[in-house]
Structures are given as structure tokens and as C-alpha cells.
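The values are calculated or read from the model by the stated rules, or taken from the named source; none is laboratory data. From a predicted model like this one, the values you see are computed outputs, not experimental measurements. Here the Cβ positions follow ideal geometry from the backbone for every residue, glycine too, while neighbour counts run over all protein chains shown.
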Amino acid sequence: MTTPILPQRIAFLGDYLPRLCGIATFTHDLSEAIAAAAPATDCFVGAVNDRPERYDYPPRVRFEMQEKDLDSYRRAADFLNFSNADVLCVQHEFGIYGGQAGSHLLALLKEVRMPVVTTLHTVLREPNAAQRKVMEELVRRSDRVVVMAHKGAEILRETYQVPDSKVDIIAHGIPDMPFVDSSCYKAQFGVEGRKVLLTFGLLGPGKGIEHVIEALPEIVRQHPNVVYLILGATHPHLIAHEGERYRLSLERLAEDRGVKEHVIFYNRFVSLDDLKEFIGATDIYLTPYLNEAQVTSGTLAYVFGAGKAVVSTPYWHAQELLADERGVLVPFRNPAAISSAVCGLLDDPARMEKIRHDAHAMGREMIWPAVAHRYLESFQHARADRKAIPRTAFAGWTLENRPYELPPLRLDHVIRMSDGTGIFQHAIFNVPNFHEGYCTDDNARAFILCSMLDELGGQPPAENLGRLATSYLAFLAAALDYKTGRFRNFMSHGRQWLEAAGSEDSHARALWAAGIGAGRSRNDGHSRLSAQLFERGLAAVTDFTSPRAWSFTLLGIHEFLRRFPSNTAISAMRVTLTGRLVALWNACSTEHWPWFEDSVTYENARFCQALIFSGQWLPDPAALEIGLKSLRWLVSIQKTQSGCFRPIGSNGFYQRDGARADFDQQPLEAQAMVAACNEAFRATQDSSWTREARRAFEWFLGRNDLGLPLYDFTTGGCGDGLHHDRVNENQGAESTLAFHLALAEMNCAEHLTTPPPHNS
């Protein structure tokens with residue numbers, strides 16, 4: 001029997017100390033344990049940063065990625081390929097990577113050439129659509145996946161159809177702590193002679209600590225010497241959004257319940273050595289978490305393996321670890337059950353001692369040296385299972401696989417065109433034209449762009465993006481006449497509205513933007529205001545006759561229902577508007593004219609996109625097929641013999657049985673085609689749609705009738721159209737936003753549309 005050859009170089013990817021989070025601690029401990037278990041192996045780390053100023057990392061960290069910068073993931077893949085890593089070990093948690101549901105990680109995984117072993121710290125039984133897509137792609141691009149409990153493997157099998165043969169169950173690693181009496185550690189904390197209850201970890205509302213405090217009066221009545229130690233800093237992301245509100249609420253609750261002398265808050269992220277001493281002083285550990293769907297808890301593993309009695313709510317990891325009376329499970333949100341369980345253990349020292357011994361014995365299988373050995377076996381398995389020899393770094397970089405690099409984001413001209421009121425409509429060359437003022441159409445598009453960029457991350461800095469988004473949303477709020485429920489459109493430079501109500505199309509674009517703000521914004525104020533605008537403005541659409549307004553509204557409804565899926569009135573409106581578009585198609589389309597109207601005019605692909613969305617989400621297979629069929633025809637009539645995108649021109653458009661206008665070509669058409677084709681790919685997984693999306697996007701960059709780029713790389717602006725002999729050099733808001741929205745669409749889709757690696 002030959003001895004397996006260990007990997008020469010192992011790369012780890014995830015958060016890393018000194019960043020304060022559980023994943024950072026895990027990545028550190030795992031990489032150190034494997035480095036100790038395989039001293040001849042070069043172990044190095046790629047760290048994910050959540051702030052621009054980075055961290056003071058130790059030498060083991062050899063490359064870094066900015067959480068929200070998509071390009072940094074591609075650069076990291078290049079680094080891994082050139083460093084000839086034999087295995088990549090990824091720590092996955094949805095919240096630590098950029099993009100929708102952490103989708104930026106996929107941009108790296110599609111490029112790396114070595115076997116990938118991914119540790120899933122969260123496995124969702126009921127993912128939303130974005131989480132499901134990311135998880136399925138993540139599993140597909142991983143050679144092995146590791147979960148820390150049997151429940152995780154069960155969910156992978158039942159929810160994501162992952163075969164058991166691809167899954168390794170490896171316990172959460174823990175430090176090797178001796179079985180000792182808690183009295184040995186209490187004096188140094190000044191709690192000698194007292195019974196110590198402990199909860200530790202980053203603080204946040206999901207921890208359920210308030211229910212333990214509610215239980216304390218009864219516990220203290222029966223055992224007056226009890227003290228409850230709450231150890232850990234508030235989660236940094238929670239601090240950024242709401243400060244210490246949760247901790248302060250706990251402190252007030254302890255005072256209100258008369259137990260403030262029995263509660264100790266230690267607001268620190270402690271080192272491992274200090275943590276061992278806190279655990280050593282503990283008599284009973286409490287995890288009163290509120291959510292069953294937690295498949296891994298590092299804090300539970302640490303304390304359990306140290307041989308401590310545990311009282312826990314029955315989240316999945318606790319159910320598994322504390323089975324067979326290795327701990328005590330209590331119902332969620334039940335202070336009476338917590339006090340009964342704690343007092344029951346304190347009243348029965350013999351029972352508590354048996355629980356401790358059983359936990360410590362089982363914990364020997366979880367210490368880091370044992371876990372490192374299991375991971376090395378998984379790495380070996382991944383390398384043996386690789387069906388094809390890993391490609392070298394450049395072998396897959398043909399134009400077929402990497403047609404071009406997307407331009408970097410440059411919002412200079414968007415910022416130049418914006419002031420405290422909103423974004424100006426027009427420009428003279430690259431200079432804002434104050435005389436033409438503002439319009440709701442463009443401020444809606446600008447707000448949509450900010451929402452998409454906030455999900456994608458990267459540049460500009462979050463504070464700049466937030467300021468721009470606030471201005472554009474404030475414009476939309478001012479545009480709505482609350483008495484009539486209609487959005488106005490045109491505003492002068494002097495901030496005077498020039499009409500009582502805008503067009504149906506402009507009203508619907510405002511609803512689209514409000515729907516995106518309601519459904520996607522991570523700013524609570526933006527989300528709530530957007531929802532209010534959406535609900536106030538939606539009723540007017542009932543009387544609209546513009547099919548494009550119906551389509552824009554459907555796009556907004558889709559976004560709104562992402563966050564509020566149970567809103568029956570808005571769901572009913574989706575059914576109504578979808579039915580109107582389908583009826584329009586049935587009344588107008590023929591075999592040779594598969595379209596909704598007797599003319600093909602402007603922003604045409606939005607019809608198709610709206611029906612593709614509705615067809616998927618209602619679901620309505622007939623609507624989906626109409627959306628795809630009409631889009632195929634639109635693609636066919638907007639393509640030249642040389643293979644470039646040629647949108648219907650605005651100088652006459654295209655009438656049934658008439659000649660089509662080839663010019664002037666508008667950026668809005670290319671952007672709509674990019675969005676619709678990318679959505680068609682998501683609905684069908686047919687890669688031909690990604691090629692059409694790229695074709696339409698390349699129109700901006702010079703793959704067009706004149707071979708001239710409309711996008712200006714020096715200013716970040718986009719020309720207002722393509723004439724028969726030249727580019728319109730004025731860089732207005734509509735055109736510039738069309739380019740940047742198309743670029744955002746391409747970046748959103750890019751990591752989900754590349755062909756899978758050869759071994760998949």
C-alpha cells in the first residue's frame with residue numbers, strides 16, 4: 001500500500017485574524033492546525049477585507065481581496081494559479097463575500113485551476129432564489145464540500161441534490177483543554193464561591209440573551225450565588241448600523257428585572273488563551289439562540305469539547321451535539337424552561353458531572369489535530385477525484401472563454417452630472433446643461449444604478465454611493481404628488497415642476513426604481529421610503545394604456561416582492577399586468593411578426609424581460625415562452641451580417657411591413673438588450689443568451705456599424721447616440737446611465753455565465 005503524497009501547497013480563503021469574526025478565527029485555527037499536521041506543506045491564506053484600510057495580517061496571509069471589489073476576486077484567482085497551489089480550501093458564509101448572496105466568490109472559483117474543498121459554515125434549508133443559485137454554483141465548482149454536522153449533509157442532499165459521496169462531515173475544530181474543576185479558574189475573575197453561567201461570542205439580537213436575563217430572577221431565587229457572564233464584543237457590522245443598541249437593551253433589562261448584580265458584561269473579543277480561562281471558570285454554558293436553522297456553532301463546540309454542561313435552544317448543531325443527554329435542550333424563547341434547566345443541573349451535581357464527562361470524551365474527536373487529519377484526507381480525496389489534469393494558468397484564457405475584460409467602473413461623469421437636487425438630464429459634450437434641468441426618468445435610472453452598485457460593491461466608496469442614492473431617491477419622493485398618486489417628470493434648474501403629471505412611462509420608471517429600493521436597499525430608511533413611494537404610486541397604473549409602462553411596473557413589482565412576497569395586492573397587480581402583455585401579444589403577433597405592437601420603437605427588450613420575470617415567478621409558462629420567443633426575434637432583427645448589434649433606429653423605428661430605421665441608434669436599446677438577455681440566460685441556462693448580452697454590450701465599446709466607441713474611457717460618460725456618420729458627442733444622463741447600468745448587469749451576470757471547468 002502506497003503512502004498518500006501530501007499537497008505541497010495548500011491555500012486557504014476566508015476572513016482572517018485580526019479581523020473580529022468567527023470565520024476569521026476558524027480560518028486561522030484550521031490553517032495553523034494543518035500546517036502543524038503537515039510541516040513540509042506550504043500553507044498560506046487569502047484574506048477577505050471588509051474595510052478599505054485592511055488589517056495588520058501575519059505573514060501567513062499572502063494575498064488579500066476587498067469584499068465588494070469583484071476585480072480583486074479575479075486577481076486572487078490569478079495569484080492562486082501562478083502560485084501553483086495544489087488545493088484551495090474555501091470558508092463559505094453568505095455574508096463574507098461581496099455581490100448578491102456572496103456571488104463574487106464565484107468569479108474566483110470559475111478561474112482557479114486546482115481542486116477546491118469548500119467548508120460550508122451555513123447550509124440553508126429554505127434559501128431565497130439568489131442564495132440557491134449561489135449555493136448550487138458553489139457546490140458545482142467545488143470538488144468536495146465539508147459540513148460540520150450530519151444535518152448539513154442531509155440538507156445538501158434534500159434541498160440541493162448533492163450526493164453524499166461529495167460531502168465530508170468534519171466536526172468544528174476546538175482547542176485541546178483538560179477536564180478540570182471550574183473552581184481552579186474563578187479566583188482570577190473575582191467570582192470564587194459563585195456558580196458561573198456563560199454565553200460568549202459576537203453579540204447580536206439573534207443570540208437570544210434577553211431570554212436568559214428574563215430567566216435569571218427565578219434562577220437567582222433558587223441559587224443566589226449565580227452570576228451570568230456575557231463575554232464578547234458587539235458584531236462590528238451591527239456597531240456600524242445601530243451602535244450598542246442591543247447591548248444597552250440587555251443592560252436595561254437586567255436592571256428592570258432586579259438582577260444587575262448577577263450579570264457581568266465583558267465587551268471584548270478575547271484571545272484564545274484568555275477564552276480558555278473564561279471557559280475554565282464556567283459551570284453551565286448557555287446558547288439561547290433564536291433560529292433553528294444554524295448548522296454550525298463554533299462557540300458551542302468550544303465549550304462542549306472542554307467538558308462543560310450546556311443548556312441550549314434546539315438549533316440544528318445543538319440537537320446533534322447534545323443528543324443522548326450530553327446536554328439539556330430547551331424550547332426557543334422560553335425563559336421559564338431556561339431557569340428550570342439551569343436549576344435542575346445546579347440541584348443535581350452528579351448528573352451535571354456525568355454530562356461533563358460525556359461531552360469531554362466526545363470532544364477528543366474534535367480537537368484541532370484530529371480535525372486537521374480529516375481535512376488532509378478530504379484534500380487527498382479531492383485531488384484523486386479530479387477527473388481532468390488541472391489546466392495551467394493560461395490554457396483556458398482563449399477569447400472563447402474570456403472574450404474581453406469588462407471596463408473598470410468610472411462614475412466621474414455621473415458625479416459631474418449630479419448635484420444636491422438630482423442628476424441633470426442633458427450635457428453639452430461632457431458639461432452638464434443646466435438649461436434643461438432634471439427629470440424623474442433619469443433620477444430613477446440613477447437610483448437603480450446606485451442600488452445595483454451597492455450590491456456589487458467596489459468603487460465608489462460606500463459613503464459616496466450612499467450620498468448619490470439619497471439625492472436621487474429624494475428627487476423621486478419630491479416628484480410624487482401624494483394627492484393624485486402620480487409622479488411628475490420635468491423640473492427646471494430652479495427646482496420648479498413643469499407639469500402636473502409626467503408620462504405613463506416616466507411614472508412607471510419611478511415605480512421600477514422604488515421597487516428596487518424597497519426590495520434591495522440595505523439602508524433601512526431608503527427601503528422604507530421606497531416601499532412607501534411604490535405603494536402610493538402603484539394604483540395609478542391600473543388606468544395606464546402604455547405597454548411599456550406595464551413592463552416597467554412589472555420589473556418594479558418583481559423587485560418589491562423580493563422583500564415582501566406576501567403582499568397580495570401587489571401580487572395581484574403582477575397577474576393583471578402580465579395578462580395585459582400576453583393579451584397584447586396574442587392580438588398582434590403572427591408567425592412573421594412575433595411582436596406586441598405594429599411597430600418596434602424604443603426600449604423594446606423590456607417587454608421580453610418583464611414576461612421572462614413574471615413567467616418564472618408567478619409561475620406562468622406561457623408568459624415565459626412569449627418573453628423568450630419575442631426576445632429571440634428581437635435579437636434576430638437587431639444583428640448585422642458582420643455580427644454586431646444594431647438596435648432599431650429612432651429616426652422612424654420599424655413599422656410592420658415597412659423598412660426599419662438603422663439610425664439614430666440609442667444606448668438605451670443596448671442596455672435593455674443586455675438586461676433581457678442576461679435574464680433569459682438565468683431562466684434557461686442557455687449560453688447563447690450570454691453571447692447576445694455580450695454582443696449588445698460591445699456596441700458601447702465600438703463593435704457597431706461605425707466601429708466607434710460611444711463610451712468615453714477618459715470621462716466615464718457615454719455619447720447620446722450613433723448617427724449614420726458619427727457618434728453624438730453630448731454625454732447626457734440617459735446615455736451615460738445606460739452604459740453604467742449595462743456594465744453593472746454584465747458584472748452581475750459574469751460570474752454566473754462562464755462555462756464550467758472541464759472537470760465539472
Among the candidates C608, C644, single out the residue that is in the same structural domain as L561 (by TED's automatic domain parsing), within 35 Å of the chain's Cα centre (by Cα), touching a residue at least 60 places away in the same chain (Cβ under 8 Å) and under 15 Å from D662 (Cβ atoms). C644
Tell me which of these R221 doesn't satisfy, since it passes every other one: (1) part of a helix (DSSP H, G or I); (2) in contact with a helix residue (DSSP H, G or I) (Cβ under 8 Å, 6 or more places away or on another chain); (3) more than 18 Å from Y315 (Cβ to Cβ). (2)
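Every residue, every condition in (1) basic (K, R); (2) part of a helix (DSSP H, G or I), yes or no:
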position	(1), (2)
V303	no, yes
G307	no, no
E320	no, yes
R333	yes, no
I338	no, yes
G344	no, yes
R351	yes, yes
Looking at this structure, is R703 of a type in the set (D, E, K, R) and farther than 26 Å from R632 by Cα? no
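Among the residues of the stretch 275-286, is there at least one that is assigned by TED's automatic domain parsing to the domain that holds L346 and free of Cβ contacts under 8 Å to residues at least 60 places away in the same chain?
Residues of the stretch 275-286 assigned by TED's automatic domain parsing to the domain that holds L346: 275-286.
If we keep only those that are free of Cβ contacts under 8 Å to residues at least 60 places away in the same chain too, we end up with none.
Checking the stretch 275-286: not a single residue is assigned by TED's automatic domain parsing to the domain that holds L346 and free of Cβ contacts under 8 Å to residues at least 60 places away in the same chain.
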Note on the stretch 251-266: residues under 26 Å from S182 (Cα atoms) and touching a Leu at 6+ places or on another chain (Cβ under 8 Å) are A254, V259, H262, V263, I264, F265, Y266
Report, ordered by the first and then the second residue, all pairs with beta carbons closer than 7 Å, sequence separation of six or more or different chains, a first member in the stretch 241-259 that is assigned to a loop (DSSP other than H, G, I, E, B), and a second member that is of a type in the set (K, R) and surrounded by 15 or more Cβ atoms within 10 Å (Cβ to Cβ). none
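When you look at E32, is it closer than 30 Å to E745 by Cα, out of contact with any Asp or Glu (no Cβ under 6 Å at 6 or more places or on another chain) and not hydrophobic (A, V, I, L, M, F, W, C), yes or no?
Details: closer than 30 Å to E745 by Cα: no; out of contact with any Asp or Glu (no Cβ under 6 Å at 6 or more places or on another chain): yes; not hydrophobic (A, V, I, L, M, F, W, C): yes.
The answer is no for E32.
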Residue ranges of strands (runs of 3 or more DSSP E) in the stretch 119-204 with at least 1 members basic (K, R) and in contact (Cβ under 8 Å) with a residue 60 or more places away in the chain: 144-147, 195-200
Those residues of the stretch 264-312 which are surrounded by 22 or more Cβ atoms within 10 Å (Cβ to Cβ) and of a type in the set (D, E, K, R) amount to D283, K308
Over the stretch 679-712, the set of residues of a type in the set (D, E) and buried (at least 23 other Cβ atoms within 10 Å of the Cβ) is E679, E692
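Can you pull out the residues in the stretch 149-170 that are of a type outside the set (D, E, K, R) and touching a helix residue (DSSP H, G or I) at 6+ places or on another chain (Cβ under 7 Å)?
First pass over the stretch 149-170, keeping only residues of a type outside the set (D, E, K, R): 149-150, 152-153, 155-156, 159-163, 165, 167, 169-170.
Within the stretch 149-170, A149, H150, A153, Y160, V162, V167, I169, I170 meet the criteria.
Assess whether F560 counts as being of a type outside the set (S, T, Y), more than 30 Å from L706 (Cβ to Cβ) and part of a helix (DSSP H, G or I). Let's see the steps before the verdict.
Values: of a type outside the set (S, T, Y): yes; more than 30 Å from L706 (Cβ to Cβ): yes; part of a helix (DSSP H, G or I): yes.
When the stated conditions are applied, F560 passes them.
Would you say A76 is within 26 Å of R9 (Cβ to Cβ), at pLDDT below 95 and either assigned to a helix (DSSP H, G or I) or of a type in the set (K, R) (or both)? First the steps, then the outcome.
On the way: within 26 Å of R9 (Cβ to Cβ): yes; at pLDDT below 95: no; either assigned to a helix (DSSP H, G or I) or of a type in the set (K, R) (or both): yes.
Taking the combined requirement at face value, the residue does not satisfy it.
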